[in-house]
Amino acid sequence: MATAMHTATGLAYDDEGTGVPVVLLHGLTFDRRSWRPIVDRLGGAMRSIAIDLPAHGASAGTPAPLDDIAAQVRELVRSLGVERPVVVGHSMMAGLACVYAAAHPTRGIVVIDSGPHIRPFAELVHQLEPALRGPGFAEVWPTFENSLGLERLPEPVRSLVCAGHHVDQEVVVGYWEMVLRSDPAEIQAWLDAEILPKLDVPCLAVFGRPVTDGERERFDRLPDVQLEEWAGDGHFVHLVEPDRFATRLQQFVDHCTAAG
């Protein structure tokens with residue numbers, strides 16, 4: 001394993017294994033350590049590049065629009081000699097994986113418990129905006145924290161994930177700035193018109209809850225999508241069943257390779 005800091009972007013990362021490169025993007029308020037249970041189970045069968053996103057873990061930087069962060073990730077992976085990775089994103093960073101694939105060469109994308117129907121979430125954060133930006137942040141944050149289902153994680157995975165869990169109001173609001181500054185209908189229209197039509201690579205979507213009608217309708221627009229519901233596993237579906245997810249990821253990477 002090579003653990004390093006990319007000088008140009010200030011992004012910390014782990015790089016290990018060989019074979020097809022897979023870029024692993026953690027969720028908001030967590031860090032790259034959350035991928036360790038999956039990387040260990042892959043056993044070096046693919047090249048795993050787990051990145052601390054800006055203002056998370058050991059990475060420098062500040063929150064930025066997702067297209068800017070995608071460009072930073074692209075700069076990092078190119079410096080490692082990687083041109084067409086499979087990009088895996090959890091939670092909000094499933095959106096980052098999609099933004100990356102819409103703008104940069106990609107072999108495939110995996111989105112974990114986050115779908116392309118963003119309007120309901122946007123409406124919620126708009127409703128809570130005064131508290132999110134002000135002294136009421138600590139009172140409304142449990143609205144989001146309690147939905148994570150961290151209690152479902154088995155030990156020692158839960159302790160590992162929680163060790164990298166850091167909630168900073170400025171970081172959270174900074175990452176949600178685009179949503180907060182945009183009308184929910186307009187940001188949904190942007191996603192539908194500017195991102196989804198450009199996702200022409202295979203997509204695996206794994207949810208720990210029922211997929212909504214709005215999500216399903218949008219996934220159906222993609223040319224090569226595998227949509228799965230792992231009932232009862234919750235938001236950290238990939239870590240509630242890490243053996244199952246690692247196996248599924250390997251199968252999907254093989255599919256991406258066969259698809260060219």
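The values are calculated or read from the model by the stated rules, or taken from the named source; none is laboratory data. Since the structure is predicted, the reported quantities are computational estimates derived from the model, not experimental observations. All Cβ positions, even for glycine, are placed from backbone atoms using ideal geometry, and neighbour counts span all protein chains on display. Note: accessible area is taken over every heavy atom of the protein model, side chains too, but ligands, DNA and RNA are not part of it. Shrake-Rupley method; radii C 1.70, N 1.55, O 1.52, S 1.80 Å.
Below are the figures for this structure:
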{"read-out": "Residue list for the stretch 211-232, filter: in contact with an Asp or Glu (Cβ under 8 Å, 6 or more places away or on another chain) and either within 19 Å of S48 (Cα to Cα) or open to solvent by 70 Å² or more (accessible area, probe 1.4 Å) (or both)", "value": "P223"}
{"read-out": "Where H235 falls short, out of the listed (1) surrounded by 13 or more Cβ atoms within 10 Å (Cβ to Cβ); (2) in a helix (DSSP H, G or I)", "value": "(2)"}
{"read-out": "In the stretch 171-190, the residues that are closer than 27 Å to E151 by Cβ and open to solvent by 20 Å² or more (accessible area, probe 1.4 Å)", "value": "V171"}
{"read-out": "Residue that is farthest from W176 (Cα to Cα) [pool: residues in the stretch 115-140 that are open to solvent by 30 Å² or more (accessible area, probe 1.4 Å) and under 21 Å from the mean Cα position of the chain (by Cα)]", "value": "H117"}
{"read-out": "Scan of the stretch 59-75 for residues that are out of contact with any Leu (no Cβ under 9 Å at 6 or more places or on another chain) and among the small types (G, A, S), ordered by number", "value": "A64, A71"}
{"read-out": "Enumeration of residues in the stretch 248-260 that are open to solvent by 80 Å² or more (accessible area, probe 1.4 Å) and either modelled with pLDDT of 95 or more or of a type in the set (D, E) (or both)", "value": "Q251, D254"}
{"read-out": "The stretch 41-85, subset open to solvent by 10 Å² or more (accessible area, probe 1.4 Å) and of a type in the set (S, T, N, Q), residue farthest from the chain's Cα centre (by Cα)", "value": "S79"}
{"read-out": "Single condition D15 does not satisfy, out of (1) in contact (Cβ under 8 Å) with a residue 60 or more places away in the chain; (2) touching a strand residue (DSSP E or B) at 6+ places or on another chain (Cβ under 6 Å); (3) surrounded by 20 or more Cβ atoms within 10 Å (Cβ to Cβ)", "value": "(3)"}
{"read-out": "Helices (runs of 4 or more DSSP H) contained in the stretch 111-215 and holding at least 2 residues touching a residue at least 40 places away in the same chain (Cβ under 8 Å)", "value": "119-127, 129-133, 157-163, 169-175, 177-181, 184-190"}
